[in-house]
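Written below as structure tokens is the structure these notes are about.
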């Protein structure tokens, strides 16, 4: 009887081990176990559409969307397009040109929200940037923070990144390796032509800490 019990127990353990091996053998399973469900990335990205062009933005919850100030310029409204192809009308609540950050608000629709992290990310951290470069919608790029925040060019506070940055990505979110929102893309520098919002080169990202400070004020400085 003891031998029979040992045999069945061994068979159960073997089946359990096979099941574990199968669970971790698929990309979907690996992704499921690798990151918590509450961390949202690409489904929080929007395309910000205006009459004279487009940029990118990110939903931070309750209908609020953060983008770059130079994307909306002096516009009072903008159209937001989600990754699933839905269009929503949004109002520009405020725009801070010193930090190049703007806050928009849409109503009625529901959308995933990014986890805004108010800590300061560090140089060398792995990051992922999402946006809408040129005519390519909802694309991602990968790299690292290449320099600590500093006042640089037209920006009050930006990270330097080694991510390829192209016109249309401005206003898009930058996430850390854990899927937390740590910055907003605002521009790029391509030598030897100086500062631009469209050239390919080192990217510039407003740190999430600065975004949190602006949101806490409730209006631009």
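Of note:
- The stretch 81-111: number of residues that are in a loop (DSSP other than H, G, I, E, B), farther than 26 Å from residue 204 by Cβ and touching a strand residue (DSSP E or B) at 6+ places or on another chain (Cβ under 7 Å): 2
- Qualifying position, being farther than 13 Å from residue 184 by Cα and modelled with pLDDT of 95 or more, among 51, 81, 110: 81
- Candidate set from the stretch 171-200 (those that are in a loop (DSSP other than H, G, I, E, B) and at pLDDT 95 or above); member that is farthest from the chain's Cα centre (by Cα): 171
- Here residue 203 clears all of (1) modelled with pLDDT under 95; (2) at positive phi; (3) crowded, with 19+ Cβ neighbours inside 10 Å except the condition numbered (2).
- Yes/no for residue 66 being outside the structural domain of residue 129 (by TED's automatic domain parsing), in contact with a helix residue (DSSP H, G or I) (Cβ under 8 Å, 6 or more places away or on another chain), within 19 Å of residue 207 (Cα to Cα) and buried (at least 23 other Cβ atoms within 10 Å of the Cβ): yes
- Being at pLDDT below 95, farther than 25 Å from residue 142 by Cα, outside any helix (DSSP H, G or I) and not assigned by TED's automatic domain parsing to the domain that holds residue 154 is a property that holds for residue 74.
- If the condition is being part of a loop (DSSP other than H, G, I, E, B) and in contact (Cβ under 8 Å) with a residue 40 or more places away in the chain, then the stretch 131-150 contributes 132, 137, 138.
- Any hit, the stretch 123-130, residues being outside any strand (DSSP E or B), in contact (Cβ under 8 Å) with a residue 60 or more places away in the chain and closer than 19 Å to residue 56 by Cβ: no
The values are calculated or read from the model by the stated rules, or taken from the named source; none is laboratory data. All values derive from a computational prediction rather than experimental measurement. For neighbour counting, all protein chains shown are included, and Cβ atoms are generated from backbone atoms with ideal geometry for every residue, glycine included.
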